[in-house]
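Please read the structure below before turning to the comments.
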Amino acid sequence: MDQAENLRNIIKMNSQPHKSLARVITVTSGKGGVGKSNTAINLAIWFRQMGQRVIILDADFGLANIEVMFGAVPKHNLGDLIYQGKNIKEIITWGPGEVGFISGGSGIAGLSNLSRDYLMCVVQNLAELDSIADIVIVDTGAGIADAVLEFLVASGEILLVTTPEPTSITDSYSLLKSLNRHPRFSGEMSQIKVIANKVEGEAEGKALFTKLNAVVERYLKLPVSYLGAIPQDNNLSKAVMQQMPVSLANPGTRSAKAYQRIAETLIYGEVEETGEKRNIRGMAGFFSHIIGTSKNPFHQ
């Protein structure tokens with residue numbers, strides 16, 4: 001039995017009708033510094049408060065934003081699962097608000113170089129996240145590197161964080177353009193939702209989306225939707241300095257309430273629209289889709 005057949009069997013085994021698959025939401029951005037990791041963390045906090053079990057996978061192996069913002073130092077990362085024989089529960093670090101996270105570390109970079117036996121072990125372990133979490137948030141790196149695009153192609157639900165800065169809008173368009181050109185990307189199987197961050201209010205957020213969407217519709221013919229806006233808020237900056245999500249440190253602030261509204265929209269507002277697509281693969285299929293590529297997308 002070849003590697004591809006093994007992967008398909010794992011996916012089939014973890015996709016039985018009786019088995020609940022985690023909703024995989026991938027958070028990304030065209031450039032760094034636009035609030036991508038903050039968005040991932042604060043949405044996770046509100047998801048948890050709505051009764052969802054949440055795990056964040058920090059897939060930006062060049063940085064460690066999630067653990068820094070959580071003020072929690074992980075004992076293990078994905079590399080320990082791959083090379084040190086740790087199981088999936090051992091590499092989950094629990095941060096504030098009972099939100100778990102997995103540090104990708106160097107393990108993400110090495111996924112496509114693994115032998116068949118190692119791959120089977122990794123995918124089987126990651127498939128266990130479907131029983132541990134209702135939602136898995138994948139926090140990608142920023143930009144259009146191959147590794148970022150591979151995570152986006154594998155995801156049925158993509159949240160694109162952008163700001164009113166011209167460079168952020170331009171880089172967001174470049175990311176969508178690169179994604180649209182990817183040979184394995186399907187606009188029918190993936191939903192792209194835009195979050196406008198660091199805006200004065202909802203009106204500016206909608207205007208930002210309209211500007212970006214006009215170019216995307218004209219040149220890419222790619223459907224994207226507007227999810228919501230996060231306003232400028234000094235409390236958010238203070239919370240980052242305190243290494244505590246603003247949604248826990250000061251849940252009554254403008255930014256925290258905005259994150260709450262977006263989280264509620266994702267959970268309650270789009271059940272019929274996204275329910276089928278988001279559960280197509282679960283975590284086994286998500287990672288099998290990435291590591292099953294013919295080339296190594298994780299070489300920078």
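The values are calculated or read from the model by the stated rules, or taken from the named source; none is laboratory data. Note that the structure is predicted; figures quoted are calculated from it, not measured. Ideal geometry is used to build each Cβ from the backbone, glycine not excepted, and the neighbour counts take in all protein chains shown.
Tell me whether segment 49-65 contains one or more residues that are modelled with pLDDT of 95 or more and aromatic (Phe, Trp, Tyr).
Within segment 49-65, not a single residue is modelled with pLDDT of 95 or more and aromatic (Phe, Trp, Tyr).
Just for segment 158-191: of the residues that are among the small types (Gly, Ala, Ser), more than 20 Å from LEU266 (Cα to Cα) and free of Cβ contacts under 8 Å to residues at least 40 places away in the same chain, which one is surrounded by the most Cβ atoms within 10 Å (Cβ to Cβ)?
SER178
Going residue by residue through segment 146-157, is there one that turns out to be surrounded by fewer than 20 Cβ atoms within 10 Å (Cβ to Cβ) and farther than 17 Å from LEU43 by Cβ?
yes
For segment 190-209, does any single residue satisfy the condition of being under 30 Å from GLY79 (Cβ atoms) and modelled with pLDDT under 90?
Yes, because at least one residue in segment 190-209 is under 30 Å from GLY79 (Cβ atoms) and modelled with pLDDT under 90.
Hey, can you tell me all the residues within segment 86-106 that are at pLDDT below 85 and surrounded by fewer than 21 Cβ atoms within 10 Å (Cβ to Cβ)?
Applying the first criterion (at pLDDT below 85) to segment 86-106 yields 104-106.
Hits for segment 86-106 are GLY105, SER106.
Among the listed residues VAL54, VAL34, VAL73, identify the single one that is in contact (Cβ under 8 Å) with a residue 24 or more places away in the chain and in contact with a Ser or Thr (Cβ under 9 Å, 6 or more places away or on another chain). Reasoning before the result, please.
Working: VAL54 fails: in contact with a Ser or Thr (Cβ under 9 Å, 6 or more places away or on another chain); VAL73 fails: in contact (Cβ under 8 Å) with a residue 24 or more places away in the chain.
Within the list VAL54, VAL34, VAL73, the selection yields VAL34.
Condition first: more than 21 Å from the chain's Cα centre (by Cα), surrounded by 19 or more Cβ atoms within 10 Å (Cβ to Cβ), of a type in the set (A, V, I, L, M) and modelled with pLDDT under 95. Can you find one or more residues in segment 230-248 that meet it?
Within segment 230-248 (the criterion being more than 21 Å from the chain's Cα centre (by Cα), surrounded by 19 or more Cβ atoms within 10 Å (Cβ to Cβ), of a type in the set (A, V, I, L, M) and modelled with pLDDT under 95), the answer is yes, since at least one residue qualifies.
In segment 185-209, how many are polar (S, T, N, Q) and more than 16 Å from THR28 (Cα to Cα)?
At the first step, the residues of segment 185-209 found to be polar (S, T, N, Q) are 186, 190-191, 197.
If we keep only those that are more than 16 Å from THR28 (Cα to Cα) as well, we get 186.
Number satisfying all stated conditions: 1.
Return the pairs, sorted by first residue and then second, in which the second residue is of a type in the set (Val, Ile, Thr) and in a helix (DSSP H, G or I), the first residue lies in segment 192-208 and is touching a residue at least 60 places away in the same chain (Cβ under 8 Å), the beta carbons are less than 7 Å apart, and the residues are 6+ apart or on different chains.
Short answer, once both residue conditions are applied: ILE195/THR39; ILE195/ILE262; ASN197/THR39.
Before we move on, is LEU43 aliphatic (A, V, I, L, M) and at pLDDT below 95?
In short, no.
Taking the conditions exactly as written (in contact with a strand residue (DSSP E or B) (Cβ under 7 Å, 6 or more places away or on another chain), among the charged types (D, E, K, R) and at pLDDT 70 or above), does ARG261 satisfy them or not? First the steps, then the outcome.
Values: in contact with a strand residue (DSSP E or B) (Cβ under 7 Å, 6 or more places away or on another chain): yes; among the charged types (D, E, K, R): yes; at pLDDT 70 or above: yes.
Taking the combined requirement at face value, the residue satisfies it.
Evaluate the following for THR274: is it part of a helix (DSSP H, G or I) and modelled with pLDDT under 90? Full working, then the answer.
On the way: part of a helix (DSSP H, G or I): yes; modelled with pLDDT under 90: yes.
Yes.
Give segment 208-224 a look and list any residue that's hydrophobic (A, V, I, L, M, F, W, C) and surrounded by 15 or more Cβ atoms within 10 Å (Cβ to Cβ), or say none.
Step one: list which residues in segment 208-224 are hydrophobic (A, V, I, L, M, F, W, C), which gives 208-209, 212, 214-216, 220, 222, 224.
Correct list: LEU208, PHE209, LEU212, VAL215, VAL216, LEU220, LEU222, VAL224.
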